[in-house]
Amino acid sequence: MAVQFNHTIILSRDREKSAQFLAEILGLSVGRPFGPFLPVVTANGVTLDFLTVGTDIPMQHYAFLVSEEEFDRILARLVQQKVPIWADPHGQEPGRINRNDGGRGVYFLDPSGHGMEAFTRPYGSDPSSPLHGVTEEVPGAAVSDKFPR
Ligand SMILES: [Fe+2]
């Protein structure tokens with residue numbers, strides 16, 4: 001397979017704020033500005049180019065596959081920074097994570113309202129796991145019912 005996803009633009013109200021937020025939560029770094037773009041690069045070489053716009057921003061979804069150890073750190077940062085979390089993509093289960101496919105997953109919003117997800121097992125990798133569909137409360141997690149639907 002020769003095709004690799006390389007970069008995309010993430011619309012933001014404030015590119016600095018959004019890029020810093022995501023980089024900080026995920027343990028990545030913010031790159032040097034490239035014209036109007038402020039890049040954050042993932043481990044598999046995808047560049048997320050944050051762009052400040054003054055228009056309405058439709059909610060998009062960005063999902064990041066991480067190791068269990070990274071997930072521990074990501075979840076700890078979300079809790080420490082009081083970023084509200086959910087176990088599901090529809091905001092039905094605040095303050096919790098999911099155990100889908102026997103791994104762990106969490107949803108949170110970025111400063112522009114995009115739906116971010118960090119998870120440890122690809123979708124469908126182990127749907128027969130007894131943990132699939134289970135959610136767990138996260139002690140100390142920020143809880144909010146303000147999830148855009
Ligand atoms: Fe997703």
Taking the residues in region 1-39 that are acidic (Asp, Glu) and not in a loop (DSSP other than H, G, I, E, B) as candidates, determine which candidate is nearest to the chain's Cα centre (by Cα). Glu24
Lone qualifier among Asp72, Asp126, Asp101, Asp145 - being part of a helix (DSSP H, G or I) and either surrounded by fewer than 16 Cβ atoms within 10 Å (Cβ to Cβ) or of a type in the set (A, V, I, L, M) (or both): Asp72
What single numbered condition from (1) at pLDDT 95 or above; (2) within 15 Å of the ligand (Cβ to nearest atom); (3) surrounded by fewer than 16 Cβ atoms within 10 Å (Cβ to Cβ); (4) closer than 24 Å to Ser129 by Cα fails to hold for His61? (4)
Would it be correct to say that Gly45 is small (Gly, Ala, Ser), part of a loop (DSSP other than H, G, I, E, B), on the phi < 0 side of the Ramachandran plot and loosely packed, with under 15 Cβ neighbours inside 10 Å? no
Residues of region 104-123 that turn out to be of a type in the set (Ser, Thr, Tyr), within 25 Å of Ser12 (Cα to Cα) and either surrounded by fewer than 20 Cβ atoms within 10 Å (Cβ to Cβ) or away from the ligand (no atom under 11 Å from the Cβ) (or both), as a count: 1
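The values are calculated or read from the model by the stated rules, or taken from the named source; none is laboratory data. Predicted model, so just to flag it, every value in this text is computed and none were measured. Positions of Cβ are generated from backbone atoms using ideal geometry, with glycine treated the same way; all protein chains shown enter the neighbour counts.
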